[in-house]
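Here is the structure we will look at, set down as structure tokens.
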Amino acid sequence: MTIQAPRWATLVATFFGSGRLRPAPGSWASLFTVLLWWLFASHHVSPATRVPVILVLIGIVVAIGIPAATLEERASGRKDPNYIVIDEVAGQLVALIGCPLMWQALLAGFILFRGFDILKPPPVRRLERLPEGTGIVVDDLGAGVYALIVLQLLLHFRVVH
């Protein structure tokens with residue numbers, strides 16, 4: 001008998017099905033995250049409240065994403081299946097903290113996050129060893145922190161405008 005994750009967990013873990021897109025489902029989820037943040041923040045969030053709002057969003061994604069990823073991983077019978085992409089959503093949001101809503105900065109945040117998520121520099125790779133959904137999500141939060149630091153340095157030194 002196969003175990004099936006609850007529908008809500010599948011929707012969350014796959015970020016409403018974007019984890020089924022090919023190639024590179026994680027990149028699709030990151031791209032959709034950047035676009036959704038840009039649309040939402042530019043129309044509904046004042047510049048003064050963007051950092052608190054994105055921090056709340058990250059908290060919500062992590063709080064819902066870890067149990068969803070856990071249930072979906074268990075149902076798949078595989079460790080960190082590539083169609084679970086809620087971790088990319090969380091990590092990409094971290095990378096965008098304090099990012100201006102200009103295409104150059106958003107693109108740089110996207111590229112930096114995807115690069116750090118793929119390379120997983122120390123100690124990010126070790127975070128994958130955490131159990132189930134925690135390991136799935138937390139390593140991408142680490143990659144997001146690396147991307148955030150580099151992006152903020154690029155913005156500070158006006159390499160990216």
Item checked: Counted charge near Pro123, where neighbours are those whose Cβ lies closer than 13 Å (Asp, Glu -1; Lys, Arg +1) -> +2
Item checked: Helix 103-119 vs. the chain, principal-axis angle (Cα, 0 to 90°, nearest 10) -> 40 degrees
Notebook entry, point to check: On alpha-carbon atoms, Rg over Rh for region 88-161 using Kirkwood Rh?
Noted result: 1.02
Next item on the list: Report the dimensions of region 1-116 along its three principal axes from the alpha-carbon atoms, largest first, rounded to Å.
Entry: 51, 26, 21
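Taken together, the values in this text are just the output of simple stated rules run on the coordinates, not laboratory data. Worth saying up front: this structure is predicted, and the values here are computed from it rather than measured. No Cβ is skipped: glycine too gets one built from the backbone with ideal geometry, and neighbour counts run over all protein chains shown.
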